1. Within the range 34-64, how many residues are of a type outside the set (A, V, I, L, M), surrounded by 13 or more Cβ atoms within 10 Å (Cβ to Cβ) and not in a helix (DSSP H, G or I)?
2. Just the residues that are at pLDDT 95 or above and more than 17 Å from the chain's Cα centre (by Cα), please, taken from the range 1-37.
3. Go through the range 1-59 residue by residue and tally those that are closer than 23 Å to Q87 by Cα and among the polar types (S, T, N, Q).
Amino acid sequence: MNKKLDDEYYQLLEQIQAADFVIVELTLYLDTHPNDQQALQQFNQFHEYSQQLKSVFEPKYGPLLGFGNSPGGENKWEWGQGPWPWQV
């Protein structure tokens, strides 16, 4: 493990997980209520919030998502470094 895990790591990760949970729940709701404009607005707000959190987290602590959904790192491939978010 090359990266130092500090309080900010855990705080950001918890905020990302909470935002992504809301996104999943709103996705399920919108699947059955596609015309609910308030839910769609909330989905878009949480999507943006999640992206903002990830843009702070990933440069400092490494990628969160594979298959091209997170950057590969500035100077090196970082997926071989842990811990991964699901390991903490």
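The values are calculated or read from the model by the stated rules, or taken from the named source; none is laboratory data. All figures in this text were calculated on a predicted structure; none of them were measured in a lab. All Cβ positions, even for glycine, are placed from backbone atoms using ideal geometry, and neighbour counts span all protein chains on display.
1. 3
2. Within the range 1-37, no residue meets the criteria.
3. Result for the range 1-59: 8.
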